[in-house]
There are 2 protein chains.
Amino acid sequence: MKLATLPNGTPDGQLVVLSGDGRRCVSAAAIAPSLQAALERWQDTEPALRALAARLDAGSCAEAMPFEAATALAPLPRAWQWLDGSAFQSHGDLMDVVFKIEKKNDPTRPLMYQGLSNQFLAPGADVPLPSADDAIDFEGEFGVITDTVPMGASAAQAASHIRLVVLINDWSLRRIAPVEMKTGFGWIHAKPACSMAPIAVTPDELGAGWRDARVQMRLEVDWNGQRFGAAHGGAMGFGFDQLVAHAAYSRDLVAGTVIGSGTVSNSDYRTVGSSCIAERRAIETVDQGEARTPYMAFGDRVRMQARHEDGRDGPFGAIDQRVVQRAKA
Amino acid sequence: MKLATLPNGTPDGQLVVLSGDGRRCVSAAAIAPSLQAALERWQDTEPALRALAARLDAGSCAEAMPFEAATALAPLPRAWQWLDGSAFQSHGDLMDVVFKIEKKNDPTRPLMYQGLSNQFLAPGADVPLPSADDAIDFEGEFGVITDTVPMGASAAQAASHIRLVVLINDWSLRRIAPVEMKTGFGWIHAKPACSMAPIAVTPDELGAGWRDARVQMRLEVDWNGQRFGAAHGGAMGFGFDQLVAHAAYSRDLVAGTVIGSGTVSNSDYRTVGSSCIAERRAIETVDQGEARTPYMAFGDRVRMQARHEDGRDGPFGAIDQRVVQRAKA
């Protein structure tokens with residue numbers, strides 16, 4: 001099942017169900033006013049949403065309309081909680097190079113931080129940031145959205161609460177990232193609002209693209225129209241089931257919690273490229289003695305889209321955004 | 001003005017306005033269904049809430065009822081964002097001792113992490129946690145609640161968005177805190193849900209207890225009925241105006257953002273005591289070569305209340321809670 005959210009003047013937007021081909025949609029207002037509301041009573045809403053999708057695919061929805069991804073909001077335009085992992089080992093190793101940080105973390109524990117969740121930017125929205133001197137970077141990653149997960153859930157229990165899969169651009173300000181890491185407190189300035197691709201999908205919708213609680217697809221990243229990377233989501237050192245269970249150790253996870261994979265990265269990064277600039281700069285530092293690729297300038301665009309192993313377009317639609325100077329406060 | 005939230009079956013609860021003496025209250029349902037809703041249009045709701053408070057104090061509210069703090073929820077039972085500072089230098093210095101962490105942070109930048117905000121526990125609610133082996137600790141601190149703050153706001157601009165002041169217990173699991181700090185990613189396991197005292201107040205309500213964007217009151221902390229500390233809130237190295245501006249560097253702050261002071265702590269800690277156990281243990285380590293005070297056991301209670309410099313009770317009411325073993329997932 002494919003879900004999206006269209007603007008309706010409310011912060012949570014209007015939930016719509018998409019046809020299997022993603023070209024048409026129908027309002028799910030009769031089932032739930034928003035995706036957040038649907039997730040809060042998923043046992044009831046999921047069957048109703050699936051039945052609506054079936055009617056849409058059967059051509060028996062009079063209210064069906066074309067789905068225009070360009071007008072869509074993030075599927076979850078705001079969430080009560082965004083916990084972002086860093087589950088790709090090759091990314092972590094390279095970032096330690098670029099930040100000159102000697103982390104002493106326990107490799108048996110997933111890395112995870114809590115980020116800004118009250119706003120997920122629309123997939124085509126401009127991204128306002130304070131200064132290009134902050135070393136603006138994109139970070140392509142996959143994420144999952146859970147319903148309510150009780151404190152202490154095991155990975156197996158957690159797996160059953162993974163309701164949706166999404167594609168996320170976790171915007172990052174790299175100048176500030178190591179400054180904030182050195183405090184041990186995590187990131188505030190370095191992690192502004194993230195963006196989401198327009199379509200959230202149930203794991204079954206991915207078919208062979210969902211296995212071992214990982215997205216088995218490539219994440220294609222283009223920067224100003226040039227291919228930058230196409231790393232594979234299957235290389236996570238911890239699956240999403242383990243990340244969700246980690247998150248729930250000492251807290252109940254509220255319905256609509258978004259859990260991120262961290263930047264998609266593969267150990268053959270010299271072949272597949274990267275999902276963020278900082279990682280390419282680390283590779284340049286290792287290979288050429290210094291970082292050569294600059295960070296983003298205002299006006300730059302980044303596009304992200306997932307691709308199935310068999311070459312088909314992934315189901316999430318595309319993030320395609322421009323970074324701009326923020327308005328004066 | 002004093003505000004509180006009573007249970008009404010919704011996650012946000014029912015906003016009530018209190019009388020000046022805090023003994024009576026009246027539903028603010030006709031003005032805003034919840035404190036969150038009131039903060040989202042504070043320019044309109046504040047005058048209406050103040051007018052209702054005046055009518056209550058004048059004895060002309062037929063719907064007035066006794067305010068029973070024991071039944072109150074947190075004033076903001078959930079928030080879109082909780083950003084907790086660590087603005088008391090003596091606390092930071094002592095925590096570096098207890099965690100054996102050599103932080104290399106820039107002293108001109110406030111310390112701040114993003115924590116769990118989707119649940120603030122009621123002031124009298126039991127606090128379920130996974131294990132007493134995690135070194136359960138309380139952390140008494142003050143906090144402010146803002147309305148919408150635009151990205152890039154200065155400290156002066158930020159000050160005008162501080163709408164309410166609250167008293168918070170930031171529960172902490174000390175065994176895990178240094179493990180998570182070493183990653184640079186901040187805390188997930190070590191920071192479960194916080195609690196709030198029942199009454200949120202506008203800064204003017206504090207009178208002399210609000211100056212330099214700091215709470216000029218003592219925070220009395222009792223552990224199992226024994227006085228543990230009474231440190232003064234005025235010793236913050238950064239005022240709340242600076243903390244709010246820091247938080248808003250690269251993000252708009254959503255209405256209802258909660259910003260914490262960090263554990264209230266004074267440099268004469270040997271006289272005034274501490275607002276968390278970890279700090280006392282650090283003092284013991286410095287003075288006696290080892291920490292002697294254990295962390296909390298299940299069944300232990302902690303009580304927190306603010307006190308004006310002239311000896312009057314503070315306006316927030318009390319947090320008085322018991323830690324318990326969480327139910328099996």
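The values are calculated or read from the model by the stated rules, or taken from the named source; none is laboratory data. All figures in this text were calculated on a predicted structure; none of them were measured in a lab. Because the Cβ atoms are built from the backbone with ideal geometry, glycine has one as well, and the counts that use them run over all protein chains shown. Accessible surface is based on the protein model in full, side chains and every heavy atom, while ligands, DNA and RNA are left aside. Shrake-Rupley method; radii C 1.70, N 1.55, O 1.52, S 1.80 Å.
How crowded by other chains is B:117-126, given as the mean number of beta carbons from other chains within 10 Å of each beta carbon? Numbers along the way, then the final one.
Numbers: counts 6, 11, 5, 0, 0, 0, 0, 0, 0, 0.
Shielding by partners across B:117-126 averages 2.
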*Report the net charge of residues surrounding B:C194, where surrounding means a beta-carbon distance below 13 angstrom and charges are Lys +1, Arg +1, Asp -1, Glu -1.*
-2
*For chains A and B related by rotation, which residue of A has the Cβ nearest the axis, and what is the rounded distance in Å?*
A:G186, 1
*Looking at the square roots a ≥ b ≥ c of the eigenvalues of the Cα gyration tensor of chain A, which shape do they give, rounded for a/c under 1.5, prolate if a/b is larger than b/c, or oblate?*
prolate
*asked:* Quick test of the membrane-span-like rule: which DSSP H helices of chain A reach at least 24 Å along their long axis (C-alpha atoms) with mean Kyte hydropathy at least 0.0?
replied: none
*Karplus-derived 3J(HN,Hα), 6.51/-1.76/1.60, for each residue of the stretch A:316-326, Hz, glycine and proline x*: 7, x, 10, 8, 8, 9, 10, 8, 9, 5, 5
*Give me the distance in nm between label points sitting 7 Å out from Cα along the Cα-to-Cβ direction at B:R227 and B:A54, one decimal.*
4.1 nm
*If we hang a label 7 Å off Cα along the beta carbon direction at B:G207, how far is it from the matching labels on the other copies, in nm, shortest first?*
7.3
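Shielding of B:188-194 by partners, i.e. mean partner chain Cβ atoms within 10 Å per residue? Intermediate values should be presented prior to the final figure.
Working: counts 15, 8, 2, 3, 5, 4, 0.
Taking the mean over all residues of the peptide, I get 5.
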*Decide, for the stretch B:155-228, between rounded, prolate and oblate: order the square roots of the alpha carbon gyration tensor eigenvalues as a ≥ b ≥ c, take rounded if a/c falls under 1.5, and otherwise choose prolate if a/b is larger than b/c, else oblate.*
oblate
*So for A:K328, A:K2, what's the accessible-area order with a 1.4 Å probe, most first?*
A:K328, A:K2
*Using only Cα atoms, locate the centre of the stretch B:24-91 and the centre of the stretch A:209-231, then give the distance between them in Å, rounded to an integer.*
47 Å
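Determine the shape class of the stretch B:269-329: with a ≥ b ≥ c the square roots of the Cα gyration tensor eigenvalues, call it rounded for a/c under 1.5, and otherwise prolate if a/b is greater than b/c, oblate otherwise. Display every interim value, and only then the final one.
Values: a/c = 3.83, a/b = 1.04, b/c = 3.69.
Oblate, because a/c is 1.5 or more while a/b does not exceed b/c.
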_Modelling each spin label as a point 7 Å along the Cα-to-Cβ direction, I'd like the A:A327/B:K328 distance in nm, to one decimal._
5.6 nm
*Could you give log10 I(q)/I(0) at q = 0.10, 0.18 Å⁻¹ for the stretch B:228-323, computed by the Debye formula over C-alpha point scatterers of equal weight, without solvent?*
-0.39, -1.05
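What number results when the radius of gyration of the protein assembly as shown, computed over Cα atoms, is divided by 2.2 N^0.38 Å? Provide the component values of the computation, followed by the final result.
On the way: Rg = 24.6 Å, N = 658, 2.2 N^0.38 = 25.9 Å.
Taking N as the residue count of the protein assembly as shown, the ratio is 0.95.
Can you give the local net charge around B:I136? Use residues other than it whose beta-carbon is closer than 10 angstrom to its beta-carbon, Lys and Arg +1, Asp and Glu -1.
Values: positive: B:R174, B:R175; negative: B:D133, B:D134, B:D137, B:D300.
Residues near B:I136 contribute -2 overall.
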*For the stretch B:122-261, what size does the Cα cloud have along each of its three principal axes, sorted from largest down, in whole Å?*
44, 36, 26
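Which order do the peptides A:224-232, B:293-301 take when ranked by the mean count of other beta-carbon atoms within 10 Å per residue, highest first? Walk me through the numbers before you get to the answer.
Working: A:224-232: 17.1, B:293-301: 15.4.
Top of the packing list down: A:224-232, B:293-301.
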_Too-long pairs where the Cα-Cα distance tops 26 Å, listed order kept, from A:K182/A:K328; A:K191/B:K191; A:K100/B:K182; A:K182/B:K100; B:K182/B:K328; A:K100/B:K100_ = A:K182/A:K328; B:K182/B:K328
*Nitroxide proxy distance, nm - points 7 Å out along Cα→Cβ at B:H308 and B:A70*: 2.7 nm
*Relative to the other copies, what are the label-point distances for B:H308, with labels 7 Å from Cα along the C-beta vector, expressed in nm at one decimal and sorted shortest first?*
7.0
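In whole Å and largest first, what semi-axes does the C-alpha gyration tensor of the stretch A:1-84 yield when each eigenvalue is scaled by 5 and square-rooted?
Working through the eigenvalues yields semi-axes of 20, 15, 11 Å.
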*Shielding by partners, peptide A:149-160 (average Cβ within 10 angstrom, other chains)*: 2
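Please give the peptides A:50-61, B:308-319, B:165-176 ranked by average Cβ packing (other Cβ atoms within 10 Å per residue), highest first, as a rough proxy for protection.
B:165-176, B:308-319, A:50-61
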*Measuring label to label, 7 Å along Cα→Cβ, what does B:D126 give against each other copy in nm, shortest first?*
5.4
_For A:D320, solvent-accessible area (1.4 Å; no DNA, RNA or ligand), Å²_ = 50 Å²
*If the convex hull of the alpha-carbon atoms of the stretch A:60-142 is projected onto planes in all directions, what is the mean projected area in square nanometres?*
9.2 nm²
